[in-house]
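All of the numbers you see were taken from the coordinates with simple rules; none came from a lab. It should be emphasised that the depicted structure is a prediction, and the values quoted were computed from it without experimental measurement. Backbone-built Cβ (ideal geometry, glycine too); neighbour counts: all protein chains shown.
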Amino acid sequence: MPIQMVRTNPIEGQKPGTSGLRKKTAVFMRPHYLENYVQSTFDGIGGVEGKTLVVGGDGRYFNDRAIQVILRMAAANGAAKCIVGQGGLLSTPATSNLIRQRGADGGLILSASHNPGGPEADFGLKYNGENGGPATETMTDKIFAITKKLTDYKIAAASDIDLDVIGTSKIEGMEIEIADPVTDYATLMKSLFDFDKIRALFADGFTVRFDAMHAVTGPYAHAILEGMLGAAKGTVVNGVPSPDFGGGHPDPNPIWAKDLMDKMHGPVAPDFGAASDGDGDRIMILGRGIYVTPSDGLAVLAAKAHLAPGYKGGLAGVARSMPTSRAVDRVADVLGISCFETPTGWKFFGNLLDAGKVTLCGEESAGAGSDHVREKDGLWALLLWLNILAETQQSVAEIMADLWSTYGRCYYSRHDYENVDSDKANAVMDGLRAKLPSLIGTTVYGLTVEAADEFAYDDPVDGSRSTGQGLRIVFKAGARAVLRLSGTGTEGATIRIYLEQLEKDAEKLDLLPQDALADVCKAAMHLSDLVTQTGRSKPDVIT
Ligand code: G1P
Ligand code: ZN
């Protein structure tokens, strides 16, 4: 029987989070687990009969096995074609681009982003639609509903496809094309940026250290930075994707990319440093002796994007996720363009980009992107920075000093409390939520509460409403604290506290962020009662 209908039972907890379904790898490898979710996805998007899908992942443990299953299931469900990245690799932004370039109907991305990989670590699967962007909430709700009543799935009996060899083959009537993961993406980058100017910058001796963190961006960075742009060999480090990311977390923040942080603050630091995450949509940016917060980075890109050929006409508008600092709002204000505030997660930017309301968007979690694809894009952000540096001939530190003196500095930090007992985490949120209305007008640690609410978003394009998107306390004089629970964790709950303080005094633009944020941090801790409720005295990760 070449196509089998396999009986199964619904599996609990297959609810897609901020970015697809993420679970422990061992959970994904349980009998029927992956198959149930793939069938529910196919059914949830209205079937795949006659459709073309792009399939690829970040190379983490189980990536290759999962792709073989997906291909056999796509064939059994009547898909016309699957385009797969060679070696099973495709970065998230490159997948988004391939879907768009090839006019595919959608794509499946195998990744748990910045979470660690390996048999004991994490795995994930997300679906992107025909615009190249993450499935909307309406779609993921439908998929989840199907997981709860699934009775069988379809899979073809076929031998493994060789994912390493470029070319075409077939399972049943479905064509499989193994494509180079880099080529189309590199062509897109070349169309947006002044590669000649950036090449000249490198020829002048400009130095970059790009840490691919043993994840998917290695091949892209080797080809674009060292190949097309002539950066010195060795510019890209940890550039070979490995199933367990060299034993680390492919999370580009000062904690997990400490080696890069140390180099950039050391005596012989390169001019520019960057690190990307597992699936290549996030990036951390550094200059010599300076770390750029993602929120500030977004503000810089908004202020200077017009220096790159792809954005020379200016920006239609910008968008940021709610917890992201309001630095970009200040730039948008001066540029006279609109700035949208959306819930956390890239899926909320899709409609704004599709409708042409925004050109650029970003999140505090090291993600920035534009209308060139429908995902955040780490290497894109790096190249835009290089284009800006090549045009202005300024250093990163000079660019930041300019930003702060022009718009004020939004000191910013995120404190994460990880693996908290879910009931306790909910108690923190419930307690604070109940208090919110009574806070307005009160003063805590010298900060007066101006507004306090639970964020809800009304999508201006499709009219959908998303509620429960984080608790925000806005203080007078530019301070703000936001609390929300992570939607991407695989164990317990993660409480995220986002702290922000605007500083306009020219004498105070060089403080240590945690010092500048001390009062707003104390106020957030006091109001949330987090220490008493959870027994935690300090955050696990500060970024
Ligand atoms: C996290 C980030 C969020 C990002 C998401 C997917 O989600 O905070 O900005 O879009 O990962 O990369 P969270 O765990 O906070 O729900
Ligand atoms: Zn990612």
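In the range 4-86, Cα pairs under 8 Å separated by at least six residues give a relative contact order of 32 percent. Residues Met284, Met73, arranged from fewest to most other Cβ atoms within 10 angstrom of their Cβ, appear as Met73, Met284. Full extension of the chain segment joining Lys15 with Asp462 gains 158.6 nm, where the gain is 0.36 nm per residue of separation less the Cα-Cα distance. Listed cross-link partners Lys81/Lys154; Lys23/Lys376; Lys357/Lys476 are compared with a 24 Å cut-off, the Cα-Cα value being larger for Lys357/Lys476. Overall, the range 174-294 carries a charge dipole of about 580 debye about its Cα centre when +1 sits on the Cβ of Lys and Arg and -1 on the Cβ of Asp and Glu, all other atoms neutral. Only beta bridges with both residues in the chain are counted; by DSSP, about 70 percent of them are antiparallel. Cross-link partners of Lys170 among aspartates and glutamates, defined as those whose alpha carbon lies under 17 angstrom from its own and excluding same-chain residues fewer than eight positions apart: Glu49, Asp160, Asp162. Estimated from the Cβ-Cβ distance and a Förster radius of 56 angstrom, the FRET efficiency linking Ser537 and Ser169 is about 0.45.
Ordering Leu384, Leu436 by the number of other Cβ atoms within 10 Å of each residue's own Cβ, fewest first, gives Leu436, Leu384. In terms of overall dimensions, the range 423-524 has a Cα radius of gyration and Dmax of 15.4, 45 angstrom.
Taking each DSSP H run with n ≥ 4 as -39500 (n - 2.57) and averaging over every residue of the chain yields -9000 deg cm²/dmol at 222 nm.
Cα centroids of the range 338-367 and the range 206-224: 26 Å apart. Applying the criteria of a DSSP loop state and at most 11 other Cβ atoms within 10 Å to the trypsin sites (Lys or Arg not before Pro) of the range 276-330 yields Lys312.
Within the range 116-221, the trypsin sites (Lys or Arg not before Pro) that combine a DSSP coil assignment with at most 10 other C-beta atoms in a 10 angstrom radius are Lys149.
Looking at the range 373-443, none of the GluC sites (Glu not before Pro) sits in a DSSP loop with at most 10 other Cβ atoms within 10 Å of its own Cβ. Here the chain is treated as a sphere whose radius is the Kirkwood value from Cα pairs; by Stokes-Einstein at 20 °C and 1.002 mPa s it diffuses with a coefficient of 90 µm²/s. Work out the P(r) tail for the range 83-128: percent of alpha carbon pairs separated by more than 14 Å, whole number. Counting pairs separated by more than 14 Å, the tail of P(r) holds 52 percent.
Here Leu483, Leu511, Leu382 are placed in order of increasing Cβ neighbour count within 10 Å, fewest first, which gives Leu511, Leu483, Leu382. Around the amide H of Ala179, modelled in the peptide plane, lie the amide H atoms of Val84, Gly85, Gln86, all under 5 Å away and 5 or more residues distant in sequence or on another chain.
Distance from the alpha carbon centroid of the range 89-148 to that of the range 18-87 works out to 9 angstrom.
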